[in-house]
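The values are calculated or read from the model by the stated rules, or taken from the named source; none is laboratory data. Please read these numbers as outputs of a predicted model, since none were measured by experiment. Using ideal geometry, Cβ is built from the backbone for each residue, glycine included, and neighbour counts are taken over all protein chains shown.
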Amino acid sequence: MLKRTSEVKVMRDPIHGYIHVELQVVWDCINSREFQRLRRIHQLGGDFQVYHTAEHTRFSHSLGVYEIVRRMVKEIEEIAQQLSDYDKCAVMLAGLLHDIGHGPFSHAFEAVSSCHHEQFTQDILLGNSEVHQILAEADERLPKEVADIIGYRHRNDLLNQLVSGQLDADRMDYLLRDAYFTGTSYGTFDMERILRTIRVHGSHLAVKESGIHSVEDYIMARYHMYWQVYLHPVARSYEIIISLLFARMKAVWKKDPSFFKGLEMFVPFLNGKAASIEALHRLDESAALYGFSLLEQKKDAVLKDLASRVLNRRLFEYVEDREDTYEKIKTKALQKGYDPLYYVHRDHVTQRPYSPYKGRQDTHVIWIVDEKGGLNELSEKSAIVNALVDAKVKEQQLIYFPVELMMDQQK
Ligand code: ZN
């Protein structure tokens with residue numbers, strides 16, 4: 001039997017009103033050093049450079065995902081009936097801990113380090129960490145079960161879908177939270193209505209047909225948030241400079257490791273080997289930004305300049321990548337003494353709002369239960385979603401470079 005807290009702990013939250021904690025193991029995980037570190041990782045990489053209030057962290061998002069899972073397993077009757085208290089606890093913990101392996105500036109950092117946050121998350125849950133100890137002490141099966149749910153390989157498929165399906169707690173929280181903290185209205189949708197209409201059909205999580213309008217709204221929210229927030233060219237510019245900064249650090253490290261005296265926090269991520277969870281723990285955004293301020297004073301001109309760009313928001317400009325634009329910008333860079341490797345960057349992104357066809361079926365499909373109890377894929381029931389599935393994939397093909405390249409005076 002899992003121990004309860006002496007009273008229900010509540011934390012105020014602008015998205016959910018309150019976060020409720022009633023299990024000691026959940027409370028202990030929140031207080032672990034690995035979870036507290038998430039306070040020092042922004043939820044939205046470079047978006048606070050565009051939306052100045054997007055300062056929220058992985059910490060608040062993780063609490064939010066936990067709260068949605070908690071409500072799903074308590075309030076959605078068919079789920080509540082099917083799961084044991086132990087399963088409920090495991091899936092709530094998976095919601096809480098699903099992002100625990102994130103590095104600084106999430107995707108910018110991941111693009112250059114050889115380890116991904118999914119792997120770090122597994123390593124923290126299963127390895128030598130406070131979180132692992134807390135889980136194992138509560139129940140020795142918990143570390144592996146929680147890791148399995150987050151890795152989408154738990155034997156009970158329902159648990160996998162609650163945390164990372166198509167209508168999962170993770171996406172619902174980040175869409176609502178990111179919309180709130182960016183101050184955009186695109187990401188909002190009626191989560192209450194979705195929760196009220198979720199059903200269990202065999203091993204699938206599905207939505208009652210009467211809830212289809214709120215699901216359409218959710219798909220549209222996702223689509224708009226991608227283009228307005230997640231793939232915003234200015235936020236990407238910030239993230240691209242960070243990834244170029246790491247690329248340059250790697251090159252410098254190869255030639256002269258002694259350059260990194262005083263910058264040891266970066267070293268485990270420069271040598272191409274898998275970094276330890278302790279190295280990840282040390283490199284939060286506070287440490288990375290401090291490192292950048294030290295780089296600003298170092299001798300390498302490229303590192304100095306890129307670090308200063310990050311700290312002072314001197315971001316790269318961008319133009320559409322057409323015909324010979326890339327070659328032209330590269331030539332300009334060379335003429336002006338900029339190494340194109342670190343100063344001209346091609347970035348192509350595409351995004352589909354909802355595509356039921358790619359990859360493992362369950363992870364990509366939203367199921368609708370019709371009045372007769374039959375299971376239908378969402379686009380069969382929704383004309384709006386069907387149009388989106390058939391529509392041309394939206395693409396963004398840009399080239400990033402310093403604005404100085406287009407100015408006439410010499411560097
Ligand atoms: Zn998440």
Task: The listed residue being without any contact (Cβ under 8 Å) to a residue 24 or more places away in the chain, in a helix (DSSP H, G or I) and over 18 Å from the mean Cα position of the chain (by Cα), out of Lys254, Lys250 - done: Lys254
- [ ] Starting from residues that are part of a helix (DSSP H, G or I), of a type in the set (Phe, Trp, Tyr) and within 19 Å of the chain's Cα centre (by Cα), keep the ones in segment 61-117 and report whichever is farthest from the ligand (Cβ to nearest atom).
- [x] Phe109
- [ ] Report, by residue number, each residue of segment 120-134 that is surrounded by fewer than 16 Cβ atoms within 10 Å (Cβ to Cβ) and either within 16 Å of the ligand (Cβ to nearest atom) or in a loop (DSSP other than H, G, I, E, B) (or both).
- [x] Gly127, Asn128
- [ ] Answer yes or no: is there a residue in segment 146-155 that is more than 16 Å from the ligand (Cβ to nearest atom) and part of a helix (DSSP H, G or I).
- [x] yes
Open item on the list: Name the single residue that is surrounded by the most Cβ atoms within 10 Å (Cβ to Cβ) among those in segment 176-203 being more than 24 Å from His56 (Cβ to Cβ) and of a type in the set (S, T, N, Q).
Closed with: Thr197
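Every residue, every condition in (1) within 30 Å of Ile212 (Cα to Cα); (2) over 27 Å from the mean Cα position of the chain (by Cα); (3) in contact (Cβ under 8 Å) with a residue 40 or more places away in the chain; (4) part of a loop (DSSP other than H, G, I, E, B), yes or no:
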position: Arg309; (1), (2), (3), (4): no, no, yes, no
position: Ser355; (1), (2), (3), (4): yes, no, no, yes
position: Ser379; (1), (2), (3), (4): yes, no, no, no
position: Ala387; (1), (2), (3), (4): yes, yes, no, no
Task: Selected residue (criterion: surrounded by the fewest Cβ atoms within 10 Å (Cβ to Cβ)) from residues of segment 223-251 that are under 30 Å from Leu159 (Cα atoms) and touching a Gly at 6+ places or on another chain (Cβ under 8 Å) - done: His224
- [ ] Considering only segment 43-53, state which residues are crowded, with 18+ Cβ neighbours inside 10 Å, more than 15 Å from the ligand (Cβ to nearest atom) and in a loop (DSSP other than H, G, I, E, B).
- [x] Gly46, Val50, Tyr51
TODO: Evaluate segment 253-267: report whether one residue or more is surrounded by fewer than 21 Cβ atoms within 10 Å (Cβ to Cβ), over 29 Å from Arg33 (Cβ atoms) and either in contact with a strand residue (DSSP E or B) (Cβ under 6 Å, 6 or more places away or on another chain) or hydroxyl-bearing (Ser, Thr, Tyr) (or both).
DONE: yes
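Scan segment 17-27 residue by residue and report those that are assigned to a helix (DSSP H, G or I) and either surrounded by fewer than 18 Cβ atoms within 10 Å (Cβ to Cβ) or within 11 Å of the ligand (Cβ to nearest atom) (or both). Talk me through it step by step, then tell me what you get.
First, pick out the residues of segment 17-27 that are assigned to a helix (DSSP H, G or I): 24-27.
Hits for segment 17-27 are Gln24, Trp27.
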Open item on the list: Among the numbered criteria (1) among the aliphatic types (A, V, I, L, M); (2) over 20 Å from Ser106 (Cα atoms); (3) modelled with pLDDT under 95, which one does Leu270 miss?
Closed with: (2)
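Is segment 196-217 home to any residue that is of a type in the set (S, T, N, Q), on the phi < 0 side of the Ramachandran plot, away from the ligand (no atom under 16 Å from the Cβ) and in contact (Cβ under 8 Å) with a residue 60 or more places away in the chain?
Restricting attention to segment 196-217, the residues satisfying the condition of being of a type in the set (S, T, N, Q) are 197, 203, 210, 214.
If we keep only those that are on the phi < 0 side of the Ramachandran plot as well, we get 197, 203, 210, 214.
With the extra rule that they be away from the ligand (no atom under 16 Å from the Cβ), the set shrinks to 197, 203, 210, 214.
Pick out the ones that are also in contact (Cβ under 8 Å) with a residue 60 or more places away in the chain and you get none.
Within segment 196-217, not a single residue is of a type in the set (S, T, N, Q), on the phi < 0 side of the Ramachandran plot, away from the ligand (no atom under 16 Å from the Cβ) and in contact (Cβ under 8 Å) with a residue 60 or more places away in the chain.
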Task: Residue tally, condition crowded, with 16+ Cβ neighbours inside 10 Å, of a type outside the set (A, V, I, L, M) and either free of Cβ contacts under 8 Å to residues at least 40 places away in the same chain or part of a loop (DSSP other than H, G, I, E, B) (or both), over segment 28-42 - done: 1
Open item on the list: Being in contact with an Asp or Glu (Cβ under 7 Å, 6 or more places away or on another chain) and over 18 Å from Ile30 (Cα atoms) is the filter here; which residues of segment 125-156 pass it?
Closed with: His154, Asn156
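Quick check, is Leu263 within 25 Å of the chain's Cα centre (by Cα) and either under 22 Å from Tyr342 (Cα atoms) or at pLDDT below 95 (or both)?
Numbers: within 25 Å of the chain's Cα centre (by Cα): no; either under 22 Å from Tyr342 (Cα atoms) or at pLDDT below 95 (or both): yes.
The answer is no for Leu263.
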Task: For Val73: the one exception among (1) buried (at least 21 other Cβ atoms within 10 Å of the Cβ); (2) more than 30 Å from Val200 (Cβ to Cβ) - done: (2)
Open item on the list: Taking the condition of being within 18 Å of Val69 (Cβ to Cβ) and away from the ligand (no atom under 14 Å from the Cβ), how many residues in segment 156-188 meet it?
Closed with: 8
TODO: For segment 259-270, state whether one or more residues are in contact (Cβ under 8 Å) with a residue 40 or more places away in the chain, in contact with an Asp or Glu (Cβ under 9 Å, 6 or more places away or on another chain) and closer than 23 Å to Thr121 by Cβ.
DONE: no
Task: Residue list for segment 145-159, restricted to those being closer than 11 Å to Ser203 by Cα and surrounded by 23 or more Cβ atoms within 10 Å (Cβ to Cβ) - done: Leu159
Open item on the list: Any residue in segment 219-231 that is in contact (Cβ under 8 Å) with a residue 60 or more places away in the chain sitting within a Cβ distance under 8 Å of a residue that is of a type in the set (Ser, Thr, Tyr) and part of a helix (DSSP H, G or I)? List the pairs, counting only those 6 or more apart or interchain.
Closed with: Val229/Thr182
